Every structure is written in structure tokens, then in C-alpha cells.
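Asks: Sharing a structure with you now.
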Amino acid sequence: MDRYRLPCTVVPTRYEIELEPDLARGKFTGRETVDVTVRETVQEIILNAADLEVRTASIRSECGTEQNALVTLEEAEERLRLRFPEPLRPGACRLSIEFAGDLNDKLRGFYRSTFTAADGTKEMLAVTQFEATDARRAFPCWDEPAFKAVFQVTLLADEGLCALSNSSVASTQPIPEKGKVAVAFAPTIPMSTYLLAFVIGRLEATEPAWVAKIQIRVWAIPGKRQLGAFALDAAVFSVRFFQDYYGIPFPGEKLDLIAIPDFAFGAMENLGAITFRETALLVDERAATHTELTRVAHVVIHEIAHMWFGDLVTMAWWNGLWLNEAFATLMEVMAVDAWKPAWGRWDSFGASRAAAFLTDGLRSSRPIEFEVVAPKDAEAMFDVLTYEKGGAVLRMLEQYLGPEVFRDGVRRYLAAHQFANAETADLWKALGEAAGQPIPAIMDGWIYRQGYPLLTVALDEAGRGLRFSQRAFRYLEEEVEGDCWQVPITYRVQVDGEIRRGRLLLSGAEKCVPLPGRPDWVVVNQGGHGFYRVRYAPPLLEPLLRAPSEAMAPIERFNLIGDAWATTLAGMAPVSEYMELTARFTEETDRHVWMALLASFGYLSRILPPALRSGFESLVRHRLRVIVARLGWIPRPDEDDLTRQLRGDILRAMGTLGNDADIQAEARAFYAGYDAATLSADPGVLAAAIAILAHAGGEGEYEAFRARFKQARTPQDEQRYLHALAAFRAPELVQRTLISTVNGEVRTQDAPLLVRDLLVGVHSRERTWAFVKEHWDEMERLYPSLSGLARMCEGITALATPLLEADVRQFFALRTVVLGGKILEQYLEQLRIAVAFREREADRLAMYLASDRPGLAWITSGVPPAGKSEVGPAPSGTSNTSPGLCRRPGF
Ligand SMILES: [Zn+2]
């Protein structure tokens with residue numbers, strides 16, 4: 001028998017669960033009656049339980065005979081073995097168990113979250129987080145996704161507290177002798193244990209909104225419910241959107257969105273009772289930056305997408321988790337884009353894809369789907385490859401099949417498997433029926449093989465055709481064996497002034513496509529949906545860069561920069577060439593394109609030898625000068641949200657990466673005039689000013705920001721000031737922030753992220769790394785398991801000096817650190833890439849920064865220097881008439 005899988009000899013159909021938490025003592029007791037079907041004669045029942053004390057267990061058969069069980073808890077396997085004196089015959093039985101446990105503080109299973117009420121008293125909530133396998137810490141159960149059952153929950157809550165679960169309240173019964181109320185909830189639809197939720201505490205709700213008969217509310221601790229309005233709007237829109245897209249009504253009978261002060265993840269898609277960390281649900285629309293607002297929209301809508309895909313139809317086992325998450329990621333972007341088209345969310349998805357490209361270009365990457373033996377192996381699936389790569393390859397497939405065909409396939413799949421479980425192959429089958437073609441032939445390479453292709457595009461010998469070739473992309477040089485990917489290529493080409501679009505499926509190593517003449521320019525990966533990188537041969541790159549701005553959409557420019565930067569990091573091109581490329585984009589006005597540029601500047605700033613810093617800062621100032629002058633500090637009334645956010649991003653980069661003294665002085669003046677009470681400032685500019693003041697500030701600003709963090713009015717404000725604390729450069733301030741990560745001042749849900757920021761900071765990383773080594777055991781004990789440490793350790797990728805790298809490797813070689821899957825290996829490989837890049841390119845970067853007319857790189861690579869937006873004086877005024885690549889009309 002598999003020690004990780006429960007036998008199917010006895011299966012549950014319905015649970016009646018009663019739980020009584022004691023918030024003050026941090027304990028709970030419970031009892032349950034489970035209707036089970038005995039499928040073959042057995043003498044024992046095996047189910048899951050962990051960290052529970054099981055007091056009694058008995059079973060009653062259909063004919064009324066009752067037997068007590070001999071109870072054995074198998075700690076390592078997290079199983080409960082119930083042995084009965086007489087065999088159980090096939091048929092229906094009722095199993096009754098009484099148990100007790102602790103309300104832990106590790107943010108998993110059944111746990112306690114705390115907050116300080118308006119009158120200063122400390123209050124507590126009892127909360128659950130079960131995915132993947134922590135329902136067994138709250139009640140004995142068949143804790144595998146395939147064992148779907150109906151749940152009927154009763155919570156014994158203290159009088160005056162609110163109790164929430166997946167379904168609506170069926171009855172409340174006061175129990176005066178206990179000072180409690182028994183809140184009984186209606187039976188759920190058949191669902192998996194990991195989707196069950198209970199929340200008990202002092203909570204308040206928004207006024208409900210309705211979509212047909214579905215009541216939707218946002219819940220928060222007292223004083224915060226007014227921050228739920230935006231999420232409520234997003235929820236109402238998306239429930240309608242998904243009902244329409246999926247062609248199936250909302251699967252629950254109500255929908256509560258609940259903000260929890262201590263929460264290990266972003267959110268959890270419990271059917272009808274979605275839980276969130278506060279910053280992913282509660283927001284003041286007037287005071288939030290575009291980035292903060294879109295985060296709430298995305299998380300809320302992602303979780304609601306799961307109500308059908310994940311909750312109504314569920315993976316049969318944890319290897320299918322990727323599909324659950326990848327699909328919700330795809331649907332999240334699709335629905336947010338439908339809700340707010342002006343936000344350009346498919347362009348923003350380029351940034352998500354870029355994050356997946358980064359991890360998947362490592363030799364320590366993994367295939368999207370892999371065999372999961374022990375359930376804990378599934379923890380490794382909650383990463384960028386599952387969500388972002390998975391979402392990106394599904395988007396590629398959707399675009400390849402066509403959106404209507406794809407949607408029809410999804411509808412077939414959901415209709416066929418609702419209230420039950422399904423596998424990846426079932427979705428492929430449904431999509432294949434809708435599309436009339438076999439899906440596995442296209443998708444298997446993307447799902448079962450790690451990595452992705454680098455596509456090289458060149459002119460054929462006659463100059464009248466395009467030659468596409470593919471090979472695996474890796475940052476660290478190595479031979480990669482394996483078949484080619486089936487690459488759905490889309491391109492746009494201009495020949496003799498006429499624009500043509502083309503598509504092909506590249507299944508071999510190389511393919512040529514004839515053209516009617518020599519192309520003026522060609523854009524490959526049109527629309528940017530493909531999960532591959534593109535490298536243009538020099539005779540194709542230069543014409544593209546010189547083409548008019550309309551030639552490339554923002555996402556295509558974003559990809560051009562991202563791909564050029566990746567090939568630079570991988571050693572396929574010198575850094576000077578990339579730096580020259582960035583000089584072509586000083587006229588750029590698209591926010592997403594700037595995000596790609598700023599990300600690469602941030603990376604360079606981290607690997608820079610100290611002697612090069614001031615030269616690099618002046619280069620950053622040069623690249624940003626035009627856009628800073630254009631945007632200024634004051635938003636114009638007719639501006640769109642993306643431009644407002646761009647202003648914040650650009651000012652922040654100028655004041656920090658560019659270390660610009662004028663901008664820092666302006667930030668100081670701006671902040672001095674800011675009145676928190678009247679929300680007098682543009683949120684994007686305010687967030688930038690806070691970041692700049694932290695970078696340039698001292699003790700005075702530090703203490704002011706710390707006070708603001710503690711008295712923040714919104715979760716976003718709190719996070720802004722908290723993370724600003726990590727940007728102060730004075731050693732004694734770094735030390736003060738470090739101490740706050742282990743002394744309870746910062747919540748354990750946030751502390752690992754703060755340490756990560758400090759590890760990434762050029763001025764704080766040495767001190768922080770020493771602190772982490774010294775406090776490792778303490779952090780391991782305090783922070784939410786796996787997720788907390790894994791997030792914190794992401795910061796080691798920025799310890800990009802040879803000395804630090806050696807020390808990091810030694811540290812992890814000497815102890816057993818479990819971060820889930822290959823996460824640690826991936827971080828160490830990223831660190832290796834950064835240090836190798838530094839060693840390889842430092843001299844070239846120094847030469848480039850020292851030269852007064854950068855342009856050598858283009859000559860060495862055989863491409864002539866650009867004519868127009870090269871390093872030179874900034875254009876005067878805003879009416880630059882040169883045919884710039886990156887000017888959007890109408891700006
Ligand atoms: Zn999800």
C-alpha cells in the first residue's frame with residue numbers, strides 16, 4: 001500500500017462537523033459524524049489526521065450495530081488508523097470521532113490571527129488555511145482532493161463574534177451556559193477537504209451586492225469594511241463574467257470575501273468563503289497606486305475564477321495543481337482585461353511571463369507538470385512555473401486555437417466533470433473535440449519538459465525569405481538535449497510598404513518562409529503571446545529599430561528589450577550592446593516597456609562593482625531625463641491610469657537608481673506638502689516620494705515612516721511605509737529594521753518579505769546576510785513554514801559578489817534547508833548567473849560607462865550606430881518630430 005495515499009476501501013460521502021474554538025486558550029475541540037461507504041469488507045479505516053488528539057472513534061452500521069475503534073495515530077504519515085473488533089461489511093456506515101487540537105500560530109490548519117482593536121485591546125480570530133494538506137490538522141478526514149463529500153459545519157462561537165463558513169447560516173442556537181452560540185451552516189456541494197473554511201471573530205461586512213440570488217459581501221476586522229468597495233465591484237463583475245464564459249451558474253449559494261490580518265499566502269479559493277491577506281482585498285481606491293489597485297483586482301478575480309475551475313471541477317491528485325492555478329491565472333487576466341480594458345492587462349501579463357522565463361531558463365527549472373508522490377511535493381508547485389508559465393502556455397494555446405474554440409472546450413470540460421474530479425488529459429480531450437485537432441501533440445512539450453526555445457530569425461541567402469530556427473534557451477551555457485518544441489509562431493512583416501501577417505507551427509529545428517520581396521522589417525511573436533524568446537539577426541534588428549513607432553506594439557517592444565537583456569545575461573551578447581539598445585528608448589512612453597528597462601537597470605545596479613556606481617547612476621539619469629521632463633510631478637486631468645503609474649515608477653527610479661539630487665530635493669518638498677488627512681497627493685507620486693526619501697533619508701525620516709507604518713489607514717499605506725524602512729541606507733537603521741523582523745514588531749506574514757528587500761538592497765545586503773545566518777533557527781521557527789522562508793531566501797539571488805556567493809553556498813551546504821521543490825537550487829543558480837555576469841562584463845561595463853560617446857558595441861557587432869535617439873541632447877519641448885520608435889501618438 002502507498003504510504004501517501006489513502007485506500008479506497010472506505011470513502012466519505014458526507015461530514016457533519018462541530019468545532020468549538022477557545023480563542024483565549026488557543027485550543028479547540030470537535031466532533032464529527034461521517035457518512036461513509038464501505039466498498040469491501042475491511043477491519044480498519046484509514047484516514048488523515050495530524051497534530052490532533054483523537055479521544056474516541058466508533059462506527060455504526062446500517063443494521064445498527066456499533067463498535068468502538070482502537071485508535072492509532074501515525075505521526076509521520078499524518079494518518080489515523082481505526083481498527084474494529086469485527087469486520088465492516090460493504091454498505092453505508094456512520095463514523096463518529098471526538099478530537100481536540102491547538103489553534104496554532106503558524107498560519108496553517110486551524111490557527112489564530114491577532115489584531116489590535118480601536119480601544120487598544122488585542123483581539124483574536126480563529127481562521128483556517130487548508131490547501132494543500134492541512135485540513136487534517138483541524139479534523140480527521142480523507143484529505144485528498146478526489147474524496148469529495150458534502151460538508152455540514154457547526155461552529156460554537158463566543159457570543160458577539162461572527163462565524164463564517166462555505167455556505168450560508170442555516171440556524172443559530174444560543175448556548176447560555178457556555179456563553180456561546182451554535183452557528184449551523186447549510187450543507188455544501190460535494191467538494192474537496194482543502195476547500196473547506198471556518199472563520200470566527202469580530203468581523204464586519206460591507207452592504208451586500210447581488211448577482212441574481214448570489215449574495216456577495218466583503219468582510220474585515222472592525223473599522224475596515226469601507227475599504228471593501230472596490231473588491232466588491234470586482235467580484236460582482238467577475239461572477240457575471242465567469243457565469244457567462246463558463247456557461248454554468250455560480251457553484252455556491254453565496255460569496256464572502258474575508259480579509260485576515262495574518263495570512264501566509266495572497267488568498268485562498270475556499271468555495272463561497274474566500275480568504276485574503278488584507279492588502280490583497282482591502283483598498284481605498286482614491287489613495288492607492290495603479291499597481292496596488294490592480295493587485296486587488298487580480299487576486300479577487302483569480303480566486304473567483306477558481307469557484308468553477310478548481311472548486312466545482314477539481315484535480316484528481318496534486319500533480320494537477322498546475323492546471324488549476326494556470327487556468328485561474330489565465331482567466332484572471334482575461335476577466336480583468338474585460339473589466340478595465342484601459343489597464344492593458346495583457347501587456348502587464350508580459351511581466352508575469354518574464355518572471356517565468358527567468359526561472360524556466362535555469363537548468364534547475366522543472367516541467368510544469370510532474371509526478372507528485374508525497375502530497376508535500378505539491379508545495380513545490382506553488383511557484384512561477386505553475387502560475388505564470390502555466391498561464392502563458394494556456395494563453396498561447398488559446399490564441400492558437402482561437403478564443404471561441406478554446407472557450408467551447410472549457411465549457412465541455414466543466415460540464416462533463418462538475419461536482420467531480422478531472423485530469424489534464426480531460427481538458428485536452430475537451431479542447432481537442434472543440435478544435436478538431438489533437439492538443440497533446442502541441443502541448444506535451446510545453447507541459448512535460450522544462451525550459452523553452454530561443455527562436456532565431458534571419459534572412460535566407462537570397463534575402464527574400466525568413467529562416468526560423470529554435471534551440472533551448474539557458475542562462476548558463478550547456479548542451480540541452482531533447483526534441484524541439486511545437487512553436488506556434490506569429491509574425492508581421494512589411495514588404496514594399498505593405499504589411500502582412502503570418503503564422504506557422506515550427507515543429508522541427510528550422511523552417512524557411514518565402515516572402516514576396518526583401519522585407520523592410522519583421523516583428524516575430526506578434527502580439528507577444530508566445531512562450532519563447534526571439535533573437536533577430538543583425539540585418540533584421542537594425543531596420544526594426546529604425547522602423548516607425550507604429551511598427552511595434554508596446555508588448556512587442558517589451559519583449560524585444562526582455563529578450564535582448566536575457567541573451568545578454570546568458571553571455572550571447574556584450575552588455576555594452578544592451579546598454580546601447582536602451583539608449584534607443586529614451587523617447588519611450590509606454591509603462592510596460594519602461595518596466596522592462598527599469599528591471600534591467602535594477603539588476604545592473606546590484607551587480608555593479610562599487611567603483612562604477614556613480615558612472616552608472618549618471619547613465620540611468622541620461623536614459624530617464626526625457627521622460628522625467630515630460631511627465632513632471634503633477635498629473636494632468638486627462639491622463640490615463642497607466643501614465644499616472646508610469647510617473648511614479650520613473651520618478652522613483654530617477655531618485656533611487658539614478659540617485660538624482662534634484663529629484664530627491666523635489667521629493668522632500670512634495671512630501672512636506674502632503675496632507676494624509678485630505679489625500680492631497682497623487683498616490684503614484686506619493687509612493688515614489690516615500691521610496692526616494694527612504695533611499696536618501698536618515699533618522700528623522702526613518703522614525704516618521706515607522707510611525708506611519710504603525711498607524712496606517714489602509715493595508716497599502718502600511719505596506720508602503722513598511723517596505724520603505726528597508727530602503728534606508730544608514731547601517732544603524734538597517735540594523736533597526738532587521739531587529740523588527742524577529743521581535744514581533746512586524747507580522748510574520750510580512751517579515752520574510754522585509755528581509756528579502758534588505759537582502760536585495762545594495763547597501764544592506766552584507767549586514768542582512770550576516771543577520772539571517774545568525775537568526776536562521778529563530779526565523780525558521782517564527783515564519784510561516786515553507787512559504788515564508790522561501791520568499792525570504794529569494795533575496796539571496798541579489799548577493800551578487802564572489803565573496804558573498806561563496807559564503808551563501810557554504811551556509812546552505814552545511815545545513816538541511818527545505819524550501820520546497822528545487823527553489824533553493826534555483827536561487828543559487830540565479831546567484832551564479834549574476835556573479836558570472838559581473839565577472840564577465842564588469843570591464844566592458846566600465847569601458848562603456850567611461851566612453852563619452854557610447855556606440856562601440858554596435859560597430860563590433862557589425863551594426864551601424866543609430867542615427868536618431870542615440871546618447872545626445874534631450875529633445876527640446878514635447879514636439880519631437882523625429883520618427884522615433886517609441887513615441888506613442890497622442891502623448
Ligand atoms: Zn489560485
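Asks: Taking other Cβ within 10 Å of each residue's Cβ, how do PHE185, PHE382 sort, fewest first?
Replies: Numbers: PHE185 23, PHE382 20.
Least crowded to most crowded, the residues run PHE382, PHE185.
Asks: While we're here: How long is region 222-263 along each principal axis, judged by its Cα atoms, biggest number first, in Å?
Replies: The principal-axis extents, from largest down, are 37, 18, 17 Å.
Asks: Search the structure for amide H atoms under 5 Å from the amide H of LEU476, placed 1.01 Å from N in the peptide plane, and list their residues when 5 or more places away or on another chain.
Replies: ARG363
Asks: Further, regarding this structure: Using only the alpha carbons, work out the radius of gyration and Dmax of region 621-758 in angstrom.
Replies: 15.2, 47
Asks: Next up: Past 27 Å, Cα to Cα, is the threshold; run LYS389/LYS822; LYS148/LYS180; LYS389/LYS511 against it and keep the listed order. The partial results should precede the final answer.
Replies: Working: LYS389/LYS822 16 Å; LYS148/LYS180 31 Å; LYS389/LYS511 25 Å.
Check vs 27 Å cut-off fails for LYS148/LYS180.
Asks: I've got another one for you. Collect residues whose amide H, placed 1.01 Å from N in the peptide plane, falls under 5 Å from the amide H of ASN270; neighbours closer than 5 in sequence don't count.
Replies: THR275
Asks: For every helix of n ≥ 4 consecutive DSSP H residues, a contribution of -39,500 (n - 2.57) applies; sum these over the chain, divide by its total residues, and give [θ] at 222 nm rounded to the nearest 500 deg cm²/dmol.
Replies: Details: 25 runs with 342 residues, N = 891.
Helix-only estimate at 222 nm: -12500 deg cm²/dmol.
Asks: Is region 455-552 best put as rounded, prolate or oblate by its Cα gyration tensor, with a ≥ b ≥ c the root eigenvalues, rounded for a/c under 1.5, and otherwise prolate when a/b is larger than b/c, oblate when not? Show your work: numbers first, answer last.
Replies: Values: a/c = 1.81, a/b = 1.67, b/c = 1.09.
It is prolate, given that a/c is not under 1.5 and a/b is the larger ratio.
Asks: Another question about this same structure. Along region 53-70, what does the Karplus equation 6.51 cos²θ - 1.76 cosθ + 1.60 (θ = phi - 60°) give for ³J(HN,Hα), rounded to whole Hz, x for Gly and Pro?
Replies: Listing the rounded values in order: 9, 9, 8, 9, 8, 8, 9, 10, 8, 4, 7, x, 6, 10, 9, 8, 9, 8 Hz.
Asks: Residue by residue, what Karplus-based ³J(HN,Hα) values in Hz, rounded to whole numbers, does region 415-426 have, using 6.51, -1.76 and 1.60 with θ = phi - 60° and x for Gly and Pro?
Replies: Values per residue, Gly and Pro as x: 5, 6, 10, 4, 6, 9, 10, 8, 10, 3, 4, 5 Hz.
Asks: Reachable aspartates and glutamates from LYS213, Cα under 15 Å, same-chain residues fewer than 8 places away excluded?
Replies: Hits, sequence-local ones excluded: GLU253, ASP256.
Asks: Test of understanding: ordering SER576, SER740, SER171 by Cβ neighbours within 10 Å, fewest first, what list do you get?
Replies: Values: SER576 23, SER740 17, SER171 10.
Sorted ascending by nearby Cβ count, the order is SER171, SER740, SER576.
Asks: A follow-up question, please. Quick check: the distance between the Cα centres of region 779-842 and region 574-628, to the nearest angstrom?
Replies: Region 779-842 and region 574-628 have Cα centres spaced 26 Å from each other.
Asks: Do me a favour and compute the ellipsoid semi-axes for the chain from its Cα gyration tensor, root of five times each eigenvalue, largest one first, whole Å.
Replies: Details: eigenvalues 469, 214, 131 Å².
Semi-axis lengths for the chain are 48, 33, 26 Å.
Asks: Within a 10 angstrom radius of the beta carbon, how do ASP105, ASP408 rank from fewest other beta carbons to most?
Replies: On the way: ASP105 15, ASP408 18.
In increasing order of surrounding Cβ atoms, one gets ASP105, ASP408.
Asks: Hey, another quick one. Each residue of region 716-722 in order: what ³J(HN,Hα) in whole Hz does its phi give by Karplus 6.51 cos²θ - 1.76 cosθ + 1.60, θ = phi - 60°, with x for Gly and Pro?
Replies: Couplings: 5, 4, 4, 5, 4, 6, 4 Hz.
Asks: Right, here's the next one. Mean separation of Cα pairs under 8 Å and 6+ residues apart, divided by the residue count of the chain: what relative contact order is that in percent?
Replies: Values: 1722 pairs, mean separation 76.8, N = 891.
Value for the chain: 9 percent.
Asks: For region 795-853, what relative contact order do you get, as a whole percent, if you take Cα pairs closer than 8 Å and at least 6 residues apart?
Replies: Working: 25 pairs, mean separation 29.1, N = 59.
Over region 795-853, the number comes to 49 percent.
The numbers here are math on the coordinates, done by the rules we state, and not lab data. Small disclaimer: the values here were computed from a predicted structure and weren't measured. Neighbour counts are summed over all protein chains in view; Cβ atoms, including those assigned to glycine, are modelled from backbone coordinates with ideal geometry.
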